[in-house]
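The structure under discussion appears below in the form of structure tokens.
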Amino acid sequence: MLRRTILKTGAAFAVMAGLATGASADIDGPVNYIIPFGPGGESDISARLQQPFFAEKFGQEMVVSYQPGGGGAVGWASLNGLNGDGQTIMGVNLPHIVIKPAQKDVGFTTDGLNTFYMFHYTPDAIVVPAGSPYQTLDDLVADAKANPAQVTMSGSGKASANHLAQIKFDKMAGIQTTYVPFKGTGASVTALLGNQVKAQWGYTTVGAKQGDAVRMLAVAMEERHPLFPDVPTFKELGYDMTGGAYRGIALPNTASAETTKMWSDMIGEINADPAFRQKMLDGGFALLDVDAGGMADFMAARSAEYLNDAREAGLIK
Amino acid sequence: MEFGHFLSAMTPFNIALALFGVVAGTIVGSIPGLTATMALAVLVPITFSMDPASALILLGAIYTGAIYGGAYAAILLNTPGTPSAIATTFDGYPMAKKGDGDLAVALACFASVFGGMVGAIALLLLAPPLSKVALAFGPIEYFWLSVFGLSLIASLSNGNLMKGLAGGAFGMILSTVGVAEISADIRLTFGSQVMIGGFGVVGALIGLYCIPVLIDLVAVPDRHLKVEEDVKSVRIGEAFSIAMRSKFNLIRSSVIGTLVGILPGAGGSVAGLVAYSEAKRTAKPHQKFGEGEPDGIMATESANNATVGGGFIPTLVLGIPGTPPDAIVLGALLVQGVRTGPAMFSQSGSIVYTFIYGLIIATVLMLPAGLLIGRYAYKSIVTIPKAVLVPTVGFMTIIGTFSIRNSVSDVIIMLCLGVFGWVVARFGFAASPIVLGLILGPIAEQGFVQGWTIGAATNNLFGMFFGRPISQAILAFTLVTLFLPAVLAYKKRRSAPEEL
Amino acid sequence: MSGVPSNRSQGHIGSLIVSAFFVFAGAVTLYDTTGYSDRDSQVFPQAVAIILIITAALSFIIRFQKPSDEGGFGRGIWWRRVLLIAGMFLACFLMPSIGFLAAGAVAFAGGLIAAMHDKWAAKTVLLYWGCGAVILVAFYSVFKFVLSVPLP
């Protein structure tokens, strides 16, 4: 098609100059990478990190665009109507794609999305400002036990990864905290730094971005994050909590098995690049390699857990 | 702050980038539906192959140009090219209708450059201390700020307060449609999936402002804008002397714009509205805001361009983007390996300072570029025959609305809203209160829910809503804005009772 | 439209209808909020809906008691208005099947005819339609190729 043969923007032009074209498996021209949120969030940042590696490895430009609305639902509801020729991909997020369709009819279903790779996750973490009296997780738990509901914790949205983590942890620790939902992680961090709330349910990425301004009390990983060797995991402290918000990429469901396989391999290749891994880790992300083959099992396990948590929390019926 | 950074920003290549960025941004901003966010998102990959500071200068120049460009459509077509220019329509379009469109465009340019400079200099000199403003604003402060913005409805509704308030409330209801942003419900979609994404602000602006203008334009054969017989080529001198007379307004509005810009989640539209409201409150008796008062344009345009520099303050110092374009710049920085956040000024100082100087250069270049493009835009709008102008603008509304979310249903929603807005405006329910409700509704709702949640948890609801100093100050300003005119009018009536 | 205020003028009846519509919209909102599961989602729309109902009802009552001719559709040619809007709506519905450019041309043609108050002359016909084609293709190309908007 004509539009694919014309290089889009000086951007493509600038990056491609000097690089050998060809060598790409089956993609033909720039790829449209839709992020179903606004810019600046974790989904956007990780897509931006993939962008140069994709251009370098496969000789084609990855054009990131934003299609926000309905907490991602607008984008996902439109995904399967897009062309499945492999030139359009869209970011997907857990638990969003599990919880949203379970709440109401939002125009897509979890199984209806052709998710072909989950490439990273941002582990849940409890974050406090540097000047907070909470030095350890125990301090926070003790305060919450002494003053039920008075420990306010900000987080991004309701029925989100942060909210589910808060409900789960409260239950495990036998405490009652107050969850204050904000519009996105950025707003929730602002509230934390401004001492509007006492702590935040955030991600390891918050710790990476804010550096000395904040302190993480615990991270929900199997092992400590390489960037934060001093921050204990919840498991070490006796709470069986691992997980966070998972991010992957999907194709329209009209894409052929070959196209899906090709994409799964390509994203896998980027994920295997040591330089990419380092950039992701520096940003506080945790890498994950669930390819098209392992997706069904992974999604089934995660869905079951999220739905169970959400049901217990009364977020879905 | 060293001079060396200034010199490294002054390379011919960087200056060319800044000029290109300002011109491209102005054009992007002048087209309703084409946003700075979209232009920046496409251009980010350039930063991968360029020197980071140069790339940032390009992005910053486009951003600031786009905020200024939004004024053209606001003045000449009554349609804000970007949400920041909403309050520019209040006086800009009346001016254009009176035949002063060229003057209004020139005024907008002076004001934008002035505001842009104030914002950029604040970013250069005061970024770390000013970033505290972003943190001092809690949920309740956002709530009161939105209430202050809504109080403008009272003065916008031209003596028909009930209709204005009803329009504002209706706008706020529109803002809740779709998946709730912070709570977990889907509201007012009536089971349909079309409305899940809610009413996008940009689409709603196009519908509510632009479509009614088009409908009115085709219905009668008159010219679109009144043109003086001897079209004075430029009215720069006149504009400059008006701007000089309003120094105080410019300074106040720029400071408001810088401060509001620092608040993540408020942005240029709120800054413009707050500055407009303040300019109107302190108006001299002979000034008629809403009927083509130059000070109204200058207040809005200086404030919204000041938000560019202001918005970069939390972006660079705290790593918290104030607006979507800021977020894109932040993403570009991250990919470059520049660590934003508290340590950025010390660790990546040279990139940051070169960028800030680049932003200042771009703002200065906006003066000649803006005046030139503005003159051209004005001339083309007044000289293009109506039969071509109307379908061109109509086509732009379609393509612009479509490209926000690549959705045909958004275009249909935009058109429906436009027809609806035209009908209700004909019966006294003006578009502006509805738009104010739509823009400020989410800020009010989130601030209220969060403030209530925190206040209830700490058993201090009253203190939460009324006990915080910044809240009290905003509340006081709101009350003064709302009731001072009425009190003054009452006193006047008391002193001259025979006058009815 | 000027003259003695009458109870039956377009401006009067129209204002009453619009006010009544806003009251209705508030009532619908109140009804919708009863279905929400989260209290946080309810408070704001409920509060705003109540304000809407009160203010719209007051403006209804004020207008009802003091009839006036204020408001109304004013002068103007209806078929032109309708043609403009119909053309744009038609373009939206045709877009998925005939593509963006062709649909845009439909909207453009509608607007051009609607806004053409002068006599058609051979020169203007050629000039205007030519301009239209250039504008359409130019915008289409900029959005599609430079800004990477996936236009159908």
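General remarks:
- Buried accessible surface for the B/C chain pair comes to about 5800 Å², total over both chains, computed with a 1.4 Å probe.
- Peptide B:411-418 - average C-beta neighbours from other chains (10 Å radius): 3
- Straight Cα distances below 20 angstrom link A:Lys235 to the aspartates and glutamates A:Asp124, A:Asp138, A:Asp139, A:Asp170, A:Glu222, A:Glu223, A:Glu305, A:Asp309, with same-chain residues fewer than 8 positions distant left out.
- Rounded FRET efficiency, nearest 0.05, which uses the C-beta distance separating A:Asp28 from A:Phe228 and R0 of 56 Å: 0.85
- Among B:14-24, B:242-252, B:200-210, the order from most to least packed when residues are scored by Cβ within 10 Å on average: B:200-210, B:14-24, B:242-252
- Calculated [θ] (222 nm, deg cm²/dmol) that DSSP helices of n ≥ 4 give over chain B, each run adding -39,500 (n - 2.57): -25000 deg cm²/dmol
- Residues of region B:452-483 whose accessible area, computed with a 1.4 Å probe over protein heavy atoms, drops by at least 10 Å² once all protein chains are present relative to their chain alone are B:Thr453, B:Ile454, B:Ala457, B:Thr458, B:Asn459, B:Arg468.
- For chain A, DSSP calls about 60 percent of its internal beta bridges antiparallel.
- Dipole of chain B, positive direction: furthest Cα of B:Val147, B:Gly268, B:Gly349, with charges on the beta-carbon: B:Val147
- Estimated purely from DSSP H runs of n ≥ 4, each contributing -39500 (n - 2.57), the mean residue ellipticity at 222 nm for chain A is -12000 deg cm²/dmol once divided by its residues.
- Where region C:78-146 is the region considered: accessible area per residue in Å², 1.4 Å probe: 48 Å²
- Nearest-ten-degree value, helix C:39-65 long axis tilted from longest Cα axis of chain C: 80 degrees
- Summed side-chain charge close to B:Val270 - residues other than B:Val270 whose Cβ falls under 14 Å, Lys, Arg +1, Asp, Glu -1: -2
- Total accessible area lost when A and B pair, probe 1.4 Å, Å² to nearest 100: 4100 Å²
- Distance violations [Cα-Cα > 18 Å] among A:Lys145/A:Lys198; A:Lys158/A:Lys183; A:Lys100/A:Lys183; A:Lys104/A:Lys171: A:Lys104/A:Lys171
- Taking N as its residue count, the alpha carbon Rg of chain A over 2.2 N^0.38 Å: 1.03
- Shown in residue order for region B:250-262 are the 3J(HN,Hα) couplings computed by the Karplus curve 6.51 cos²θ - 1.76 cosθ + 1.60 at θ = phi - 60°: 4, 5, 4, 5, 5, 5, 4, x, 4, 5, 5, x, 5 Hz (x for Gly and Pro).
- Taking label points 7 Å from Cα along the Cα-to-Cβ direction, B:Val364 and A:Ala149 give a separation of 6.0 nm.
- Other residues lying with their Cβ under 14 Å from the Cβ of A:Lys235 contribute a combined charge of -3, Lys and Arg counting +1, Asp and Glu -1.
- Neighbourhood net charge (10 Å Cβ-Cβ; Lys/Arg +1, Asp/Glu -1) for B:Leu217: +2
- Relative contact order [Cα under 8 Å, 6+ residues apart], region A:45-172, whole percent: 16 percent
- Heavy-atom SASA rank of B:Leu126, B:Leu152 (probe 1.4 Å, accessible area, largest first): B:Leu126, B:Leu152
- Cβ neighbours within 10 Å from other chains - mean over B:320-331: 6
- Amide N of region B:289-315 lying under 19 Å from the label point, which is placed 7 angstrom from the Cα of B:Lys226 along Cα→Cβ: B:289-297
- The portion of the accessible surface of region C:78-146 made up by carbon and sulfur, rounded to a whole percent, is 80 (1.4 Å probe; DNA, RNA and ligands excluded).
- Shielding by partners - mean other protein chain Cβ count within 10 Å, residues of C:106-114: 6
- Going by accessible surface with a 1.4 Å probe and the largest first, C:Cys92, C:Cys131 read C:Cys131, C:Cys92.
- Accessible area expressed per residue, region B:208-351, with surrounding protein chains retained (probe 1.4 Å, Å²): 33 Å²
- Ordering of C:26-34, B:322-330, C:142-150 by burial proxy (mean other Cβ atoms within 10 Å per residue, highest first): B:322-330, C:142-150, C:26-34
- Annotation: average projected area of region B:3-490 is 23.5 square nanometres, based on the convex hull of Cα atoms across all directions.
- By the Stokes-Einstein formula, at 0.692 mPa s and 37 °C, region C:10-65 with its Kirkwood radius over alpha-carbon pairs has D equal to 277 µm²/s.
- Set of lysines near B:Lys226 by C-alpha distance (under 20 Å), chain-local residues within fewer than 8 positions excluded: B:Lys97, B:Lys98, B:Lys288, B:Lys379, B:Lys386
- Accessible area per residue for chain A, computed on protein heavy atoms with a 1.4 Å probe, is 35 Å².
- Prolate is the label for region A:179-309, because the ratio a/c of its alpha-carbon gyration tensor axes (a ≥ b ≥ c) is 1.5 or higher and a/b is greater than b/c.
- The residue among A:Val197, A:Ala257, A:His163 whose Cα reaches farthest toward the positive pole of the charge dipole of region A:136-291, with charges on the beta-carbon of Lys, Arg, Asp and Glu, is A:Val197.
- Helix runs (DSSP H) in chain A reaching 24 Å along axis by Cα, Kyte-Doolittle at least -1.0: A:295-312
- Three-way shape call for region B:345-411 based on the alpha-carbon gyration tensor, with the a/c threshold at 1.5: oblate
- Gyration tensor over alpha-carbon atoms, region B:377-500, equivalent ellipsoid semi-axes in Å: 41, 29, 13
- Sorting A:305-317, B:365-377, A:256-268, C:105-117 by average packing, meaning the other beta carbons within 10 Å per residue, from highest down gives C:105-117, B:365-377, A:256-268, A:305-317.
- Accessible surface of region B:3-490, 1.4 Å probe, proportion on carbon and sulfur as whole %: 70 percent
The values are calculated or read from the model by the stated rules, or taken from the named source; none is laboratory data. Note that the structure is predicted; figures quoted are calculated from it, not measured. Here the Cβ is made from the backbone with ideal geometry for all residues, glycine too, and neighbour counts use every protein chain on show. Just so you know, the surface numbers come from the protein's heavy atoms only, side chains and all, with ligands and any DNA or RNA stripped out. Shrake-Rupley method; radii C 1.70, N 1.55, O 1.52, S 1.80 Å.
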